[in-house]
Amino acid sequence: MTALLQVSDLHKSFGGVHALAGVSFALARGELVALIGPNGAGKSTCFNVINGQLAADRGRVLFEGRDLAGHGPREIWRRGVGRTFQMAATYASMTVAENVQVALLSRERQLTRWWVRAAEQHRDEALELLDQVGLRERADAPCSTLAYGDLKTLEVAVALSSRPSLLLMDEPTAGMAPGERNALMALTRALVRERGIGVLFTEHSMDVVFACADRIVVMARGELIADGLPEAIRDDARVRDVYFGSAPVGGLR
């Protein structure tokens, strides 16, 4: 498969700490890849380099064959890389639909037009996105009234507003109940299949990782130590020793 995202030999240090030490992996369209590792493994640093929030000391990030070096998060978002965050980032004072409409206004570079009212712009497209994630009936509800699981789902709709080819999801199920986690990841998988996008996500719940990921990339102390199908990762001795310890944990049984 042709790589949608190609990460090659990424290095990033903070003082004497090597947060990334030669990390390389690829992700294809229509693929759901989990990036996992213990605390301090370098997952967030890797995400932030891909997203343009940090500049790598060395290495390349190619998206659809184009180098992302030197581009900030906004430009990378406009190129087709969406992102959700560990803590849901929505405007509580706006309605559900308005949250999506603001993202659509940003996509069309209309946010600085003071005469444009968000509630009057791009509503049909916002409703279509909300329909895709199962929130259309809540379109006119204040965002502050949503349950946490619905807030995380709304964030997916906002991320999709840029028509991304790649979606980065940072701890998408953090703080969610088991039923909410399953629903959100089922929605994500459906969107991957329907839209042909690629998804790279970090996640601490091993049940979610092994149930949902097509492939798993494992990091420890800034290095990539394994990259393969869930079955191979489950049986990988180095993953057990470095990441999970000697005893089976979560999805590793």
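The values are calculated or read from the model by the stated rules, or taken from the named source; none is laboratory data. Source: prediction; values computed, not measured. Because the Cβ atoms are built from the backbone with ideal geometry, glycine has one as well, and the counts that use them run over all protein chains shown.
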Looking at region 111-121, can you tell me whether even one residue there is of a type in the set (Ser, Thr, Tyr), modelled with pLDDT of 90 or more and not in a helix (DSSP H, G or I)? no
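For region 155-192, give me each residue that is in a loop (DSSP other than H, G, I, E, B) and hydrophobic (A, V, I, L, M, F, W, C). Steps first, answer last, please.
So in region 155-192, the residues in a loop (DSSP other than H, G, I, E, B) come out as 161-165, 171-177.
If the condition is that a residue be in a loop (DSSP other than H, G, I, E, B) and hydrophobic (A, V, I, L, M, F, W, C), then Ala174, Met176, Ala177 are the ones that fit.
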Go through (1) over 30 Å from His18 (Cα atoms); (2) in contact (Cβ under 8 Å) with a residue 40 or more places away in the chain; (3) of a type in the set (Val, Ile, Thr) for Ile216 and report which single condition fails. (1)
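Among the helices (runs of 4 or more DSSP H) lying completely within region 1-109, list those that include at least 3 residues that are among the small types (Gly, Ala, Ser).
Working: elements: 43-50, 73-79, 96-107.
Of the helices (runs of 4 or more DSSP H) lying wholly inside region 1-109, those with at least 3 residues that are among the small types (Gly, Ala, Ser) span 96-107.
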Need the failing condition index for Ala26 against (1) in contact with a Lys or Arg (Cβ under 9 Å, 6 or more places away or on another chain); (2) modelled with pLDDT of 95 or more; (3) aliphatic (A, V, I, L, M), just the number. (1)
Checked Ala211, Ala220, Ala226 against criteria (modelled with pLDDT of 90 or more, crowded, with 16+ Cβ neighbours inside 10 Å, out of contact with any strand residue (DSSP E or B) (no Cβ under 6 Å at 6 or more places or on another chain) and among the small types (Gly, Ala, Ser)); the one match is Ala220
Members of region 201-213 that are touching a Ser or Thr at 6+ places or on another chain (Cβ under 9 Å) and either without any contact (Cβ under 8 Å) to a residue 12 or more places away in the chain or within 19 Å of Val23 (Cβ to Cβ) (or both): Phe201, Thr202, Glu203
What are the pairs, 6+ residues apart or on separate chains, where a residue within region 72-97 that is among the basic types (Lys, Arg) has its Cβ under 9 Å from a residue that is part of a strand (DSSP E or B)? Arg79/Phe63; Arg79/Arg66; Arg83/Leu167; Arg83/Leu168; Arg83/Met169; Arg83/Asp170
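Within region 41-54, can you find the residues that are touching a residue at least 24 places away in the same chain (Cβ under 8 Å) and either over 14 Å from Val218 (Cβ atoms) or β-branched (Val, Ile, Thr) (or both)?
Ser44, Thr45, Phe47, Val49, Ile50, Asn51, Gly52, Leu54
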Restricted to region 160-181, and to residues that are in contact (Cβ under 8 Å) with a residue 60 or more places away in the chain and out of contact with any Phe, Trp or Tyr (no Cβ under 9 Å at 6 or more places or on another chain), which residue is nearest to Ala103 (Cα to Cα)? Ser161
Restricting attention to region 193-229, the residues that are in a helix (DSSP H, G or I), over 18 Å from Lys43 (Cα atoms) and touching a helix residue (DSSP H, G or I) at 6+ places or on another chain (Cβ under 9 Å) number exactly 5
When every residue in region 1-27 that is touching a residue at least 60 places away in the same chain (Cβ under 8 Å), small (Gly, Ala, Ser) and surrounded by 16 or more Cβ atoms within 10 Å (Cβ to Cβ) is compared, the one farthest from Val208 (Cα to Cα) is Ala21
